[in-house]
Amino acid sequence: MRLRELLSEKWSKKYKNSINCSNPKGFSQKAHCAGRKKTESVNEAEVPKQLGRAFNHLEDLVFFQGSAGTLEALSHIKDFSTQQGAESIRMKWDGNPQIYWGRETKNGPLLLGGHNGWSKGAKTSSPEEIKDFIVNKSGSPKTPDEVKAREQFADQFANLYNYFDRATPKDFVGFVYADGLFLQRPPLDKEGVYTFCPNPKSQTCYHVRKDSDLGKRIAGADVMVVGHAYFPQWGMPDSSQKPISDFSQFNGTSKLIVLGPIYNKKPVQVDTKGVEQVEKYLSQHAQQIDTFLADTAGLSDLKNIIYTYVNQTAKAKALDSLSAKHFDGWLSTSKVSPGKQAKIQEKAKANPNAIEAIFTLVKMIQNMKDAIIDQIEGEQGDIWDTHGEGRVRYADQNKKFGNVKLVPRKRWTPQ
């Protein structure tokens, strides 16, 4: 057995974690740190880079996945022209807060938490544990007003526990992800419509008529959430979620409504000539695009640099300005290091049409996407949105690059 392995076996975990590998002391600590560094390098290589979000903008597939991603974006658009494809589009919700709940075993205690508790693996199984986590282990309020607001939120969130415990079957195993729509029943307006705007940081609101089936349920409810997906284990990454369409098993109590997804019911007309134009343009530039986007030593985050540029340009309401020249100007004033900027310029010189082609394709697909959104927005069924977040589509087994979202990006709300 090697010396480092022998020493590591004898050392306690606490002692190993206490070693400062920026300044190891003696031969044994240096050997341990060398082994740790090698292990971390292997582990990092095994973890795929996160590109964007769990749901990416349809047009972002162009620079995230190159020519193959562009073809997949077009495949989504072609699907939407069919009834099955159009009806696979789901409303994108802007709820608040995020709520995760479920049981690890049959007849086990309910676990319930928000996004922070989920991401930190905090398995809170009572109102008291939930409140303690939010107040003492989540966030860092700095002023008395912030402390008071956090305590109020902790009370409100902890109060949800009993609603979800009563509504969740004892034999249910796994975890559900949902967004809050209201945690206190909204009043009726003079038109007989319930209106609720769950995210105070956005303008998105939802509306339900009192005489609709859902409106009648709201009249007797205290809490309403919209369910999205299932996870087999607590704290799993977003990419592990599996979509759920039927949440009826959680609607056994009138005080809690767990709404299911709202699917599009309107037919979609797709610009077939526009699709053909994109395909033709892509065929002319695919090789340069893929070569430019390929990973390079010292520039493994090029795709996320482009993603940052596109998002910041969207926030500036200047998406029509996307171009090689505009990107070059943004890059020169960005936080991207001089070394990486130089590497990007080198790649651009070697592939002189790549950057312009990428942003031309992004805009072409974005325009087709916006035309689809325009067709499917508005009142559909019992609930509808204003200033909405757009729509989403879970990828089927024929799609390689994950779930996508159809967001009216030119009306920008941060994504």
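What the table below lists for this structure:
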| quantity | calculated |
| --- | --- |
| Number of the exception - Ala371 against (1) assigned by TED's automatic domain parsing to the domain that holds Thr313; (2) of a type in the set (A, V, I, L, M); (3) crowded, with 18+ Cβ neighbours inside 10 Å; (4) not in a loop (DSSP other than H, G, I, E, B) | (3) |
| Any hit, the range 155-167, residues being in the same structural domain as Pro243 (by TED's automatic domain parsing) and more than 23 Å from Gly252 (Cβ to Cβ) | yes |
| Residue count, the range 218-243 (criterion: in a loop (DSSP other than H, G, I, E, B) and closer than 21 Å to Lys400 by Cα) | 3 |
| Odd one out for His228, checked against (1) closer than 20 Å to Phe55 by Cβ; (2) touching a helix residue (DSSP H, G or I) at 6+ places or on another chain (Cβ under 7 Å) | (2) |
| Members of the range 114-166 found to be assigned to a loop (DSSP other than H, G, I, E, B) and touching a strand residue (DSSP E or B) at 6+ places or on another chain (Cβ under 8 Å), listed by number | Gly114, Ala122, Lys123, Thr124, Ser125 |
| Count of the range 273-283 residues which are more than 30 Å from the chain's Cα centre (by Cα) and either hydrophobic (A, V, I, L, M, F, W, C) or loosely packed, with under 12 Cβ neighbours inside 10 Å (or both) | 4 |
| Pairs where the first residue, in the range 95-111, is without any contact (Cβ under 8 Å) to a residue 60 or more places away in the chain and surrounded by fewer than 22 Cβ atoms within 10 Å (Cβ to Cβ) and the second is assigned to a strand (DSSP E or B) and aromatic (Phe, Trp, Tyr), C-beta under 7 Å, 6+ apart | Leu110/Trp101 |
| Pairs where the first residue, in the range 304-322, is loosely packed, with under 15 Cβ neighbours inside 10 Å and the second is not aliphatic (A, V, I, L, M), C-beta under 6 Å, 6+ apart | Lys315/Trp412 |
| Residue within the range 288-298 that is surrounded by fewer than 16 Cβ atoms within 10 Å (Cβ to Cβ), out of contact with any Leu (no Cβ under 6 Å at 6 or more places or on another chain), in contact (Cβ under 8 Å) with a residue 40 or more places away in the chain and assigned to a strand (DSSP E or B) present | yes |
| Enumerated strands (runs of 3 or more DSSP E) restricted to the range 1-113, each holding at least 3 residues that are at pLDDT 95 or above and either under 30 Å from Ser283 (Cα atoms) or among the hydrophobic types (A, V, I, L, M, F, W, C) (or both) | 110-113 |
| Leading residue by the ranking (modelled with the lowest pLDDT) among those in the range 234-250 that are more than 18 Å from the chain's Cα centre (by Cα) and surrounded by fewer than 16 Cβ atoms within 10 Å (Cβ to Cβ) | Ser245 |
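The values are calculated or read from the model by the stated rules, or taken from the named source; none is laboratory data. All values derive from a computational prediction rather than experimental measurement. When we count neighbours, we look across all protein chains shown, and the Cβ atoms used for this are built from the backbone with ideal geometry, even at glycine.
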